[in-house]
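Some notes on the structure that comes next.
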Protein chains: 2
Amino acid sequence: MNNPLLLQRLEQALGHRFSRPDLLVQALTHRSHSALNNERLEFLGDSVLNCSVARALYDAFPDLPEGSLSRLRANLVRQETLAEIAAGLQLGDVLRLGEGELKSGGFRRPSILADALESLFGAVFLDAGFDAAQHAVRGLFDPLIARIDPKASGKDSKTQLQEVLQSRRLPLPEYRLVDVQGEAHDQHFVVDCVLSRPTLTTRGTGKSRRAAEQAAAGGACEALQQAAVRK
Amino acid sequence: MNNPLLLQRLEQALGHRFSRPDLLVQALTHRSHSALNNERLEFLGDSVLNCSVARALYDAFPDLPEGSLSRLRANLVRQETLAEIAAGLQLGDVLRLGEGELKSGGFRRPSILADALESLFGAVFLDAGFDAAQHAVRGLFDPLIARIDPKASGKDSKTQLQEVLQSRRLPLPEYRLVDVQGEAHDQHFVVDCVLSRPTLTTRGTGKSRRAAEQAAAGGACEALQQAAVRK
């Protein structure tokens, strides 16, 4: 760790040269390593990431309603996607972990990798402002955004999911009602869409059971689409 | 509506003069009025608001852990706070609503006011970039942030809430377990903290019932604090 060449390569991948290298090091420091770690940077970076991806999607899909933009974003910034990007940047090789985490393979753990990536965006934001952080985010996410099919988002999500699964000869999804909250006139449904192959569960909420199922199916469609992009 | 003087006053309050006044008008247009409404701008504005407030809190409270920053932010950007700020800006006088919403008093509805405020931040972001939007957010939120007591955030939230309520001779909170999710080794608890006076329910989640209760109590403390600030 703290190999100058690896850090330089990371800066190149982010498109940002740190004027305060201590921020770069802090972003790579897990809480198991020291008190001065990346937890606060992660809080900041998470919001920078959300805002940058929101803007990218807003510009890229002028015809999509906010619900679709919101689902697309949720899928782009979920832990699994972030961890894969982090692995691509070989963040595991430059993380600073405590003894215990090192021994138990923390450098491969998706949550630790994803948090470190968000922390890096926060560190760039502090080092050089929002536009520099947005540039770093866009460099990594634009390729994923470019592969999103906006037409697919116009279709009814349950139908769309069914079509995708059938075209791949995979089993159809199961919808499970998880929770119903609120009074009778203002109910709030929570539904899981459960796929057995690939193993995937996405959750949707809505004011009717059908709306919650659609939301859950939408999440599954986007997860499958992202998975295809990353192959 | 579209009174040039009112719009000018609004621009002054945001500290931003629009070079594209159409964005300002769109931000004030509810979906009941036209197809070109503020829903997409709200999606963008929500993320700008979250990011700007995150940065403000990060800078203002260098000693607070991310959990406290997160709770403080959730409280600052919740609908009730946004609607009060929007009412202070007299957004109700410049909203563009459809017939039905006009008749049913939509210009006073907290959700419509809060959404329009977020949309305005999104419009400034599009018009002049993140820094201009952040400036608008900070102008409105810095006074609230300045009144937050960072010492209070260091204390155990349940204790703190109890002390606040006792000092005001109000009834103690009730904690209600709402949901437990996940497998035995990776459970996720959802708890509501219910106050009878003032009537307030805040929800907390955590990996133990106690952690969820603390989170819910933290939300209640901050809600009470904000309510006090706004008086």
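The values are calculated or read from the model by the stated rules, or taken from the named source; none is laboratory data. Because the structure is predicted, anything quoted here is derived from the model rather than measured. Glycine also receives a Cβ, built like all others from the backbone with ideal geometry; neighbour counts cover every protein chain displayed.
Points worth noting:
- Of all residues in the range B:124-138, those that are in contact (Cβ under 8 Å) with a residue 12 or more places away in the chain and closer than 17 Å to A:Val48 by Cβ have Cβ atoms under 6 Å from Cβ atoms of residues that are hydroxyl-bearing (Ser, Thr, Tyr) and surrounded by 19 or more Cβ atoms within 10 Å (Cβ to Cβ), 6 or more apart or on another chain, in B:Gln134/B:Ser52; B:Val137/B:Ser52.
- Residues that are closer than 26 Å to A:Asp131 by Cα and hydroxyl-bearing (Ser, Thr, Tyr) within the range B:96-148 comprise just one, B:Ser119.
- Qualifying residue in the range A:141-150 (condition: over 22 Å from A:Thr201 (Cβ atoms) and modelled with pLDDT under 90): yes
- Some residue of the range A:120-136 being in a helix (DSSP H, G or I) and loosely packed, with under 15 Cβ neighbours inside 10 Å: yes
- Subset of the range A:70-97 (residues that are more than 14 Å from A:Glu42 (Cβ to Cβ) and within 14 Å of chain B (Cβ to nearest Cβ)): A:Ser70, A:Arg71, A:Leu72, A:Arg73, A:Ala74, A:Leu76
- Within the range A:164-202, being touching a helix residue (DSSP H, G or I) at 6+ places or on another chain (Cβ under 7 Å) and crowded, with 16+ Cβ neighbours inside 10 Å holds for A:Val164, A:Pro173, A:Tyr175, A:Phe189, A:Val190, A:Val191, A:Asp192, A:Cys193, A:Leu195, A:Leu200, A:Thr202.
- Consider the range B:16-57 and keep the residues that are within 13 Å of another protein chain (Cβ to nearest Cβ) and assigned to a loop (DSSP other than H, G, I, E, B). The one that is surrounded by the fewest Cβ atoms within 10 Å (Cβ to Cβ) is B:Ala35.
- Residue list for the range B:155-175, restricted to those being part of a loop (DSSP other than H, G, I, E, B) and closer than 13 Å to B:Cys193 by Cα: B:Pro171, B:Leu172, B:Pro173
- Considering the range B:176-210, the residues that are part of a helix (DSSP H, G or I) and modelled with pLDDT of 85 or more include one that is nearest to B:Thr159 (Cα to Cα), namely B:Arg210.
- Candidate set from the range B:101-153 (those that are farther than 15 Å from B:Ser32 by Cα and basic (Lys, Arg)); member that is nearest to the chain's Cα centre (by Cα): B:Arg138
- For A:Ala114, the stated conditions do not hold, so it cannot be described as within 14 Å of another protein chain (Cβ to nearest Cβ) and among the small types (Gly, Ala, Ser).
- Residue that is at pLDDT below 95 and at the interface with chain A (Cβ under 9 Å from one of its Cβ atoms), where the choices are B:Gly100, B:Gly106, B:Gly67: B:Gly67
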